[in-house]
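Accompanying notes for the structure given below.
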Amino acid sequence: MSKYDYLVVGSGLFGAVFAQKAYQKGNKVLVIDKRRHIAGNVYTEKIEGINVHKYGAHIFHTNNKEVWEYINQFAEFNRFTNSPVANYKGELYSLPFNMYTFNKMWGVANPEEAQKEIEKQRSEIKHKPQNLEEQAISLVGRDIYEKLIKGYTEKQWGRECRELPAFIIKRLPVRFTFDNNYFNALYQGIPVGGYTKMVLNMLEGIEVRLGIDYLEQKEEYNTLADKIIYTGAIDAYFNYALGCLQYRSVRFETEVLEQSNYQGNAAVNYTDCETPWTRIIEHKWFEFGKDEFGFEVPKTIISKEYSSEWKLGDEPYYPVNDEKNSLLYSKYKKMAEDEEKVIFGGRLGEYKYYDMDQVIAKALELCRKIL
Ligand code: UDP
């Protein structure tokens, strides 16, 4: 007889939600993680009184009430609203694309003038956009594409905008109002005390083993449980039998600075193609520059984010959901369906560019189905 009902491989959001629900329903659950900490890429670590987003900025946002209510059981969320700034060769623009952006770009002072300018510029795209470049120009025109999209996107994805799928840019809102809230979301915020604390609360009472590479001890761990929830990379699970799926990886250079305010905002995107990093995160602004006791934090911590093509041994962050990779993924997916004991989930398990709330929604859906 197996010792556990469920073995959950990976303690990121998908794994943590599933484990929490399964445990709550009286199942015996074991969570393992390759890393020496829980919480996957939402992991935060407190340094100098600041919760540092060790694997990049994570701003929780959702329109899904069920997801919002679910996650609020494990953390209180602050009122942080993401409004990143774009730095193009020293010129600063408001993001996402809104009236402040259009005013700075063209001097237009009202929505009608802005719309007229965009109409004029987008007319160069005469058919349904076939790639990210055409999609971007048809959404906001060539000026904004050249200054705020092209460089950033090509750095982030390491591919030309013409080779990238259009859907990536559709994530960004375009507004003819003075509203620079990056997300079109009903609910938004950062968990007070950090994401690690939130995931710790989710895993309360559950056995967790860290620093364990499941793929290296698959046979042994498979005998431990009736079912396995696997949230790692799907191609890695099959030992890349059909070839590697492509991912983008990210590297962070984090510095503690002896000053209280470096850039005046949590996120500044560097949208030219010469600056080697894509963005700089100043972590303290996710919590308004205050520590857990409400005192101003005297120092600051910044992370420069560099994007690179994933290679064996790197951490995969973003699936490259272009045609070639989507096709390869569908083959792996077929193989996954034959693994009777194993369920694949999460950004890496499903090879999908999910946001945190979508990951939670998918995990809750799975729980409803099988628990
Ligand atoms: N993007 C851009 N300029 C920016 C920010 C984003 O062109 O200043 C594009 C880029 O192609 C990126 C996509 O919008 O891949 C989605 O950006 P988002 O901020 O949603 O990405 P994430 O936060 O997941 O890295």
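The values are calculated or read from the model by the stated rules, or taken from the named source; none is laboratory data. Note that this is a predicted model, so its numbers are computed, not measured. Glycine gets a Cβ as well: all are built from the backbone with ideal geometry, and neighbour counts include every protein chain shown. Accessible surface is based on the protein model in full, side chains and every heavy atom, while ligands, DNA and RNA are left aside. Shrake-Rupley method; radii C 1.70, N 1.55, O 1.52, S 1.80 Å.
Regarding segment 232-371, what is the average projected area of its C-alpha convex hull, in nm²?
Result: a mean projected hull area of 11.9 nm².
With all protein chains present, calculate the accessible area of Cys273 using a 1.4 Å probe and round the result to the nearest 10 Å².
90
How many nm is it between the label spots at Glu204 and Gln259, if each spot is 7 Å from the Cα in line with the beta carbon?
Placing both labels 7 Å beyond Cα along the Cβ direction yields 4.2 nm.
Would you please calculate the Kirkwood hydrodynamic radius of the chain over all C-alpha pairs and express it in Å, rounded to one decimal?
Evaluated on the chain, it is 22.0 Å.
Work the Kirkwood hydrodynamic radius out for segment 118-225: mean of 1/r over every pair of different alpha-carbon atoms, inverted, in Å.
18.2
With contacts defined as alpha carbon pairs under 8 Å and 6 or more residues apart, what's the relative contact order of the chain in percent?
26
Of the residues Phe295, Phe167, Phe286, which exhibits the maximal mean-square fluctuation in a Gaussian network model of the chain defined by a 10 Å Cα contact cut-off?
Checking each option, the largest mean-square fluctuation is seen for Phe295.
Given the -39500 (n - 2.57) contribution per DSSP H run of 4+ residues, what per-residue ellipticity at 222 nm results for the chain, rounded to the nearest 500 deg cm²/dmol?
-8500 deg cm²/dmol
Hey, which of these cross-link pairs are over 31 Å Cα-Cα: Lys284/Lys324; Lys311/Lys334; Lys120/Lys284; Lys28/Lys197; Lys155/Lys352?
Too far apart for the 31 Å limit: Lys284/Lys324; Lys120/Lys284.
If a paramagnetic tag sat 7 Å from the Cα of Leu92 along the Cα-Cβ line, which residues of segment 257-276 would have the backbone N under 18 Å from that point?
Output list for this probe position: 259-272.
To check my understanding: the extent here is largest minus smallest coordinate of the Cα atoms along each principal axis. What are those three numbers for segment 240-294, in Å, largest first?
The Cα atoms of segment 240-294 stretch 52, 31, 16 Å along their principal axes.
Using a simple spin-label model with points 7 Å from Cα along the Cα→Cβ vector, what separation in nm is obtained for Leu215 and Ala241?
1.4
Might you report the magnitude of the Cβ-based charge dipole of segment 176-224 about its Cα centre, with Lys and Arg at +1 and Asp and Glu at -1, to the nearest 20 debye? Display every interim value, and only then the final one.
Values: 3 positive and 7 negative charges, 49 e Å.
Approximately 240 debye in magnitude.
Only Cα pairs within less than 10 Å get springs; with that Gaussian network setup on the chain, which residue of Thr223, Thr254, Thr81 has the largest fluctuation?
Thr223
Once you place label points 7 Å from the Cα toward the Cβ at His37 and Asp226, how far apart are they in nm?
Using points 7 Å along Cα→Cβ, the separation is 3.5 nm.
How high is the relative contact order of segment 23-73, given as a whole-number percent (alpha carbon pairs under 8 Å, six or more residues apart)? The partial results should precede the final answer.
Values: 24 pairs, mean separation 10.0, N = 51.
So the answer I get is 20 percent.
Once the convex hull of the C-alpha atoms of segment 9-102 is built, how many Å³ does it hold per residue, rounded to a whole number? Please list the in-between numbers first.
On the way: hull volume 15.5 nm³, N = 94.
Per-residue hull volume (Cα only) is 165 Å³.
Sorting Glu315, Glu69, Glu340 by accessible area (1.4 Å probe), largest first, what list results? Before the final figure, lay out each step's value.
Numbers: Glu315 65, Glu69 105, Glu340 160 Å².
Solvent-accessible surface, decreasing: Glu340, Glu69, Glu315.
Quote to one decimal, in nm, the extra length available between Lys333 and Lys290 on full extension: 0.36 nm per residue of separation minus the C-alpha distance between them.
Result for the pair: 11.0 nm of gain on full extension.
Restricting to segment 1-82, what percent of DSSP beta bridges are antiparallel, rounded to 5?
50
Between Glu160 and Asn72, what is 0.36 nm times their sequence separation minus the Cα-Cα distance? Round to one decimal in nm.
27.7 nm
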